[in-house]
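What follows is a short report on a single structure.
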Amino acid sequence: MKDSQTQKLLGVEELRQMIDLYNPCTDDYLFVLDFQTDSYYISPHARERFQLPGCFFHDVQNNLLKVTFPEDRQALIDDLTDIMSTDRTAHNLIYRWMDTAGRPVWINCRGHLVRQDGKPVYMVGCINEIGKKQKADNVSGLLGETSLQQYLQNYTDVKPSGYFLRLGLDNFKSINAKLGIEYGDMLLRRMGDFIVHCVRPGQHFYRIMADEFMVVDFHGSTSKDAMDLYMEIRKILDQYVEENHYEAFVTVSGGILMCQDVQNFTWSQIMKLSEFALTEAKTLGKNRGYVFKQEDYDAFLKRKYLTQALQQAVSDNFKGFEVYYQPIFHTEDSSLSGAEALLRFHSDDVLVMPADFIEILEETGLIIPVGRWVLHEALRFAKKSQEVVPGFRVNVNVSYVQVMKSDVVADIMEALELYDLQPSDLIVELTESGLVESDTYFTRLWKQLKENGVQLALDDFGTGYSNFHYLNELRPDIIKIDRSFTVRAMSNEYEFNLLSLLSGMVKNLELKVCVEGVETEEERDRIALLPPDYSQGYFFGRPCPQPVFEEKFLHPLSAGGAVRIILDCLGRSDTYSYGHI
């Protein structure tokens, strides 16, 4: 009987021929392991995916261990040992192989063992990637991301003309959370139906992930054609939402990527650029379409690089950050009152403008540690400056992010104690725009700082956010008039009278006024008619590093008498008394 069964067995060479025959017909990997010759044969396309020595090799266990993820090698050894020492006829092991890039890939290896006289002759089986994405999506009824990837392989040699339209439902997670996953799946199916209804002959469409879809048109269509298609899909979705009485208020955004804008026509590049286009559409307000622009993407990459540089600088003991100081003068006698601390950042030895990095610091939360560092630098400088100018005060800007997400008051009081300074030696500047955005947080901070004796300045006053009730309710110590208001007052009599009335009102409230942005002698003389308590601007001195500030504004005072400053920007010189020792 055993001899009869043996005669019916297929030969290993026949099995190898069958694997070659089926190789073009399946994405999985067929194999045969010959125990008698210690050899292994696998579908040829497996070599393109995994770190195999070839599709045919000997010394099976050692070579399989090389392609197996290190943490899973013992499991493979145990299974092969068990096969050789028992009468098992089935193999079923889930573990990881290393792909050609050295990344682990989960596989399920299943095989049938053929034995003679109890000893294994060969094992024939199949390996499939259990983490591999499906070619089609059963929820939406559309083909999936893997199918799109295979479709694009037809265009590796010649780049087509047309577009990719990447669609994404807005706030889809909130719908799942509110109405349930089943409702969300139903909505995805309806979205698939809407796309099918709108696409033209020859266009291809896929569900590529979660709540995102892709329409591909390689027939020379324009960006206007893509936008028209997006608007058509959006209109049908809007009608559906309205007909269902807004049970789920959902909108769709669309990112359009033209083939001509993809320099390197690869899967990863297409997905990366189309994702950027969709993200931009959502950033612009959602429920709208956006056509990819290279200059926008370059700006995005620049911002991404700068974000990484800022993170690295913070972790590297704030290397690259520097505090500049701009002098502030008493208007009445032109004596030096103090300085405003202004943050600067150098990336690759290039000075980055504050407008380019402050917003990033706030968005990432890095403004909290950086703001704390600026506070310490400024107070250390103030303590040193008081040796030359008694009563020297330093102004430090505080971001709304610091106010809402950190204990700013504790940071300030600890720093003042550390440098043996009085609370009145520090002026905390808060922007009026930030105050409007987060009234409750700022009011609490304002009260705590005033109770601790810290001076407060309301910055950017007159930039369009002005609410005069802040002056009476919060009673800041100083109102700083923004440069834009100063410029208007210099060129328009009405605006000057308005500034004069504002200055008088503030003084009636027993508050101080500082006019910012004084840049010319004419502006200084006209502003002096108000007169404000303090003046600040390029006419008196530009923001500069601490050593430069000390050289220009402190060292002359330590020698006594008046100091003479050459105002390069005006091409003239004036003599001012910067205080008395």
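Within the stretch 249-274, restricting attention to residues that are among the hydrophobic types (A, V, I, L, M, F, W, C) and open to solvent by less than 10 Å² (accessible area, probe 1.4 Å), the residue that is farthest from residue 288 (Cα to Cα) is 262. Scan the stretch 428-443 and give yes if some residue there is more than 30 Å from residue 556 (Cβ to Cβ), of a type outside the set (Lys, Arg), open to solvent by 50 Å² or more (accessible area, probe 1.4 Å) and in contact with a Leu (Cβ under 8 Å, 6 or more places away or on another chain), otherwise no. Yes. Checked against (1) under 30 Å from residue 131 (Cα atoms); (2) free of Cβ contacts under 8 Å to residues at least 40 places away in the same chain, residue 11 passes all but condition (1). It is to be established whether one or more residues within the stretch 210-223 are touching a residue at least 12 places away in the same chain (Cβ under 8 Å), out of contact with any helix residue (DSSP H, G or I) (no Cβ under 9 Å at 6 or more places or on another chain), assigned to a helix (DSSP H, G or I) and not acidic (Asp, Glu). Yes - at least one qualifying residue is present in the stretch 210-223. Can you say whether residue 318 is on the phi > 0 side of the Ramachandran plot and open to solvent by less than 70 Å² (accessible area, probe 1.4 Å), as far as the supplied structure shows? Yes, satisfied.
Scanning the stretch 379-416 for residues that are buried (at least 18 other Cβ atoms within 10 Å of the Cβ), modelled with pLDDT under 95 and not in a loop (DSSP other than H, G, I, E, B) turns up 397, 400, 401, 402, 403, 408, 409.
Residue-wise test of (1) free of Cβ contacts under 8 Å to residues at least 40 places away in the same chain; (2) in contact with a strand residue (DSSP E or B) (Cβ under 9 Å, 6 or more places away or on another chain); (3) under 25 Å from residue 514 (Cα atoms).
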{"residue": "374", "(1), (2), (3)": "no, yes, yes"}
{"residue": "379", "(1), (2), (3)": "no, yes, yes"}
{"residue": "390", "(1), (2), (3)": "yes, no, yes"}
{"residue": "409", "(1), (2), (3)": "no, no, yes"}
{"residue": "415", "(1), (2), (3)": "no, yes, no"}
{"residue": "418", "(1), (2), (3)": "no, no, no"}
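Scanning the stretch 324-347 for residues that are touching a residue at least 60 places away in the same chain (Cβ under 8 Å), over 18 Å from residue 381 (Cα atoms) and part of a strand (DSSP E or B) yields a total of 1.
This table checks each residue for (1) over 30 Å from the mean Cα position of the chain (by Cα); (2) outside any helix (DSSP H, G or I); (3) buried (at least 20 other Cβ atoms within 10 Å of the Cβ); (4) not β-branched (Val, Ile, Thr).
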{"position": "126", "(1), (2), (3), (4)": "yes, yes, no, yes"}
{"position": "151", "(1), (2), (3), (4)": "yes, no, no, yes"}
{"position": "166", "(1), (2), (3), (4)": "no, yes, yes, yes"}
{"position": "182", "(1), (2), (3), (4)": "yes, no, no, yes"}
{"position": "193", "(1), (2), (3), (4)": "yes, no, no, yes"}
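Filter the stretch 89-115 down to the residues that are among the charged types (D, E, K, R) and either in a strand (DSSP E or B) or surrounded by 14 or more Cβ atoms within 10 Å (Cβ to Cβ) (or both) and list them by number. Write out each step before concluding.
Looking only at the stretch 89-115, we keep the residues that are among the charged types (D, E, K, R), and these are 96, 99, 103, 110, 115.
Once the filter is applied, which keeps residues that are among the charged types (D, E, K, R) and either in a strand (DSSP E or B) or surrounded by 14 or more Cβ atoms within 10 Å (Cβ to Cβ) (or both), the stretch 89-115 yields 96, 99, 110, 115.
Exactly one residue out of 219, 245, 197, 204 is surrounded by fewer than 17 Cβ atoms within 10 Å (Cβ to Cβ) and touching a Phe, Trp or Tyr at 6+ places or on another chain (Cβ under 8 Å): that is 204.
Quick one: is residue 280 touching a strand residue (DSSP E or B) at 6+ places or on another chain (Cβ under 7 Å), acidic (Asp, Glu) and modelled with pLDDT of 95 or more? Can you show your working first?
On the way: touching a strand residue (DSSP E or B) at 6+ places or on another chain (Cβ under 7 Å): yes; acidic (Asp, Glu): yes; modelled with pLDDT of 95 or more: yes.
It is true that residue 280 is touching a strand residue (DSSP E or B) at 6+ places or on another chain (Cβ under 7 Å), acidic (Asp, Glu) and modelled with pLDDT of 95 or more.
Flag not set for residue 269, criterion: of a type outside the set (D, E, K, R), under 30 Å from residue 153 (Cβ atoms) and part of a loop (DSSP other than H, G, I, E, B). Of all the residues that make up the stretch 532-565, how many are at pLDDT below 90, closer than 30 Å to residue 498 by Cα and open to solvent by 60 Å² or more (accessible area, probe 1.4 Å)? So the count comes out to 0.
In contact with an Asp or Glu (Cβ under 9 Å, 6 or more places away or on another chain), part of a helix (DSSP H, G or I) and open to solvent by 60 Å² or more (accessible area, probe 1.4 Å): does that describe residue 61?
Working: in contact with an Asp or Glu (Cβ under 9 Å, 6 or more places away or on another chain): yes; part of a helix (DSSP H, G or I): yes; open to solvent by 60 Å² or more (accessible area, probe 1.4 Å): yes.
Here the answer is yes, as residue 61 does meet what is asked.
Checked against the criterion of being in a loop (DSSP other than H, G, I, E, B) and modelled with pLDDT of 90 or more, the candidates 52, 76 yield just one match: 52. Tallying residues that are touching a strand residue (DSSP E or B) at 6+ places or on another chain (Cβ under 6 Å) and either farther than 16 Å from residue 107 by Cβ or in a helix (DSSP H, G or I) (or both) within the stretch 64-73 yields 2.
The values are calculated or read from the model by the stated rules, or taken from the named source; none is laboratory data. Nothing here was measured: the structure is a model prediction, and the numbers come from that model. Cβ sites come from the backbone with ideal geometry, for glycine too, and all protein chains shown count toward neighbours. Each accessible area value is taken on the protein alone, full model and side chains, heavy atoms only, with ligands, DNA and RNA left out. Shrake-Rupley method; radii C 1.70, N 1.55, O 1.52, S 1.80 Å.
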